[in-house]
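Take a look at the structure set out below.
No value in this document is a laboratory result; all are computed from the given coordinates. All values reported here derive from a predicted model rather than from experimental measurement. Don't worry about glycine lacking a Cβ; one is built from the backbone with ideal geometry, like all the others, and counts go over all protein chains shown.
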Amino acid sequence: MLTHPTLDKLHQLGLLGMAKAFDQIAASEQATTLTFPEWLGLLLDQEMTRRYDKKLAYRLKAAKLRHQAHVEEINYRAPRGLDRPLFQELLAGGWIETHDNLLICGPTGIGKSWLACALGHKACQDGRSVLYQRMPKLFGTLALARGDGRYARLCKALASAQLLILDDWGLEPLDAQARHDFLEILEERHGRRSTILTSQLPVDKWHEIIGDPTYADAILDRIVHNAHRLNLAGDSLRKTRTKPVNQD
């Protein structure tokens, strides 16, 4: 078998997964026992795996998730009122396909941010684009972007992500510019993309945090009425954990 010329051609074509598998199989005892369809199948499997892993790494880098959260690590036994059937349904991702939203509310340390990032990681695994932002920092970033020419590009990124995670919403009242920016973000996404909001405040307190009644009505109309809800309660998980899993 002309191993080296074949490897050279696979590398030239950018088929690095196939090249690696070809080299490994050719050096193993399997080489003489496999049929041609079996050879081809193994090569294609490795190439598809390599391409999937590469795309996943790109999506995760672009998402900038706060936590390296994986769904396999979710603690359903923690006393925080996590609705397991609902969360399993959310992991399936149908709500992202229908452009619904998700509100995760509960006290600090209960795992809101971690659960949001776990959903974001799963969405990346499913081939969806994700972007994570902490809201207190986001409004400052938007203000700076107006002055250095990045505003349009940043707004486009916020609008285009298939899943946008807005973390730590409602820590402080919004000023006029923040109200405007928040409404514009939600308006661009409404009915087109899905958004996760995490907050220490219950939804019935959001109106006063927004401040202006007209803006509050418009913002809540675009985020609340087509939203699934996870309302968590209990003591902070940070008090009982020795490793950073399911943390805010």
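Structure values in brief
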item	result
Amide proton proximity set for Arg134, modelled H, under 5 Å, gap of 5+	Asp167
Cα-based helix-to-principal-axis angle, 16-26 vs the chain, degrees rounded to 10	40 degrees
For His228, residues with placed amide H under 5 Å, excluding near neighbours	Asn101, Leu102, Leu103
Of Leu186, Leu164, Leu13, the one that fluctuates the most in a GNM where the chain has Cα springs shorter than 10 Å	Leu13
For the chain, calculated [θ]222 nm from helices alone, where every DSSP H run of n ≥ 4 adds -39500 (n - 2.57)	-16000 deg cm²/dmol
³J(HN,Hα), Karplus 6.51/-1.76/1.60, whole Hz, each residue of segment 106-119, x for Gly, Pro	x, x, 4, x, 8, x, 4, 5, 5, 5, 4, 5, 4, 5
Sorted by Cβ density within 10 Å, fewest first, the residues Thr214, Thr6	Thr214, Thr6
For segment 124-131, Karplus couplings with θ = phi - 60° (6.51, -1.76, 1.60), whole Hz, Gly/Pro x	4, 4, 7, x, 9, 7, 9, 9
For segment 65-75, Karplus couplings with θ = phi - 60° (6.51, -1.76, 1.60), whole Hz, Gly/Pro x	5, 5, 10, 7, 9, 10, 5, 5, 9, 5, 9
Listed residue pairs exceeding 32 Å between alpha carbons, taken from Lys20/Lys137; Lys137/Lys205; Lys54/Lys156	Lys20/Lys137
Mean-position separation - Cα centroids, segment 12-37 and segment 81-159, in angstrom	41 Å
Mean separation of Cα contacts under 8 Å (6+ apart) over length of the chain, as relative contact order %	27 percent
5 angstrom amide H check on Arg150, placed H, neighbours 5+ away	none
Relative contact order [Cα under 8 Å, 6+ residues apart], segment 3-62, whole percent	38 percent
GNM result for the chain, Cα springs below 10 Å: residue of Arg66, Arg229, Arg153 fluctuating most strongly	Arg153
